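Here the structure comes first, spelled out in structure tokens, and everything after it is commentary.
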Amino acid sequence: MALTLHLGAHKTASTHLQVSLRLVQRELRAGGIFYAGPGVLRHDGLPLVRALTHGGRAARVVSERLAEARACYPEILLSDENILGGTHRSRLFSRRGMIYPGVRARLRRCLSLTGGGPAVLCLAVRDPAQFSVSAFALQLALGNEIEIDAYLQGRDPAALSWSGLAQRLTSVPGVARLLVWRYEDYPALRPRLLARILPPGLAALVPELPPSNESLTQPGYEWFLRRAMADSEADLRVLANRARLRFRRADGHAPLRLLPDAAYRRSAMAYAEDLRQLRALPGVEFLEP
């Protein structure tokens, strides 16, 4: 039985990939691969995310359901960025700036619930400044944040280490390989990526969709911020959704850019060096166009 875990990360086009796979879930299962994404893994039928956080009955249900899947399908593909952890400011980074600080324990539990490895992990990475801004925008949309300085809590986005995360992931027993690609390369790499994670012949069945889960634009955020500051009783989730719909990227509005230009330059330099280290790690396969 082959096990593949697509871990995200958050805000790296994971939703686009997941929705595309969900649309051909029946065909994938007919082709011998059991696919489950967030729509399944965050609900009662197969509550993997809840099991990783709370254990208990959810863990028993997941273990039983995945044992049944393993008995019926030669390949298992699970996709949920919350396997890594969450994007809330208290969970995404440790006090020392480590991204997804609880990931080793969560991945060990995940592998145990799925029946063990060897497992191939799939991970997209992104420019640290862009990632931090996008993660903040997600929490804003959930009604948890208003201004990015409070979200960052003094953390320098450029200090994010994807190579450090990769080392922690590959150190977990049962991990056979970590497949990594840049979010920035996803459109060009998508056909090859699908061919790598799906059995032969199935990648061609996966439809190409428009962008999913688009973030706030800069004008949208400025509109949101004015109204949030003017009305302390406003429902932030409603405001954020109105801002997203009113100021869409498709209509030519500028992308969200909340950090100083110097922070973006520093992030780009740090990202390039981090990618160099990531490519050299044992157990890591780096996909490039």
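List of remarks:
- Selection within the range 95-116 - open to solvent by less than 40 Å² (accessible area, probe 1.4 Å) and not β-branched (Val, Ile, Thr): Gly97, Tyr100, Gly102, Ala105, Arg106, Leu107, Cys110, Leu111, Leu113, Gly116
- Taking every residue in the range 196-211 that is part of a helix (DSSP H, G or I) and pairing it with any residue that is open to solvent by 40 Å² or more (accessible area, probe 1.4 Å), at least 6 positions away or on another chain, the pairs with Cβ-Cβ distances below 7 Å are Ala203/Pro191; Ala203/Ala195; Leu205/Glu27.
- Answer residue from the range 269-289, given it is open to solvent by less than 50 Å² (accessible area, probe 1.4 Å) and of a type in the set (Gly, Ala, Ser) and is nearest to Pro128 (Cα to Cα) among those: Ala270
Results for (1) in contact with a Ser or Thr (Cβ under 8 Å, 6 or more places away or on another chain); (2) within 20 Å of Ala137 (Cα to Cα), shown as yes or no for each residue.
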{"position": "His6", "(1), (2)": "yes, no"}
{"position": "His10", "(1), (2)": "yes, yes"}
{"position": "Arg22", "(1), (2)": "no, no"}
{"position": "Gly45", "(1), (2)": "no, no"}
{"position": "Ser79", "(1), (2)": "yes, no"}
{"position": "Val103", "(1), (2)": "no, no"}
{"position": "Leu113", "(1), (2)": "yes, no"}
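- The set of residues from the range 97-127 being within 18 Å of Ile33 (Cβ to Cβ) and in a loop (DSSP other than H, G, I, E, B) comprises Thr114, Gly115, Gly117, Pro118.
- Residue check for Ala262: farther than 19 Å from Glu184 by Cα, free of Cβ contacts under 8 Å to residues at least 60 places away in the same chain and in a helix (DSSP H, G or I): yes
- Within the range 238-259, considering residues that are outside any helix (DSSP H, G or I) and in contact with a Pro (Cβ under 8 Å, 6 or more places away or on another chain), the one farthest from Thr217 (Cα to Cα): Leu259
- Within the range 20-40, the presence of at least one residue that is among the aromatic types (Phe, Trp, Tyr) and within 24 Å of Pro191 (Cα to Cα) is confirmed.
- Some residue of the range 122-129 being modelled with pLDDT of 95 or more, among the basic types (Lys, Arg) and within 18 Å of the chain's Cα centre (by Cα): yes
- Selection from the range 133-143 of residues that are buried (at least 17 other Cβ atoms within 10 Å of the Cβ) and touching a residue at least 60 places away in the same chain (Cβ under 8 Å): Val133, Ser134, Ala135, Phe136, Ala137, Leu138, Leu140, Ala141
- Flag for Val180 being open to solvent by 10 Å² or more (accessible area, probe 1.4 Å), β-branched (Val, Ile, Thr) and assigned to a strand (DSSP E or B): no
- So Ala166, is it touching a residue at least 12 places away in the same chain (Cβ under 8 Å) and crowded, with 21+ Cβ neighbours inside 10 Å: yes
The values are calculated or read from the model by the stated rules, or taken from the named source; none is laboratory data. As the structure is a computational prediction, the values presented were derived from the model and not from experiment. Note that each Cβ is placed from the backbone with ideal geometry, even for glycine, and that neighbours are counted across all protein chains shown. Note: accessible area is taken over every heavy atom of the protein model, side chains too, but ligands, DNA and RNA are not part of it. Shrake-Rupley method; radii C 1.70, N 1.55, O 1.52, S 1.80 Å.
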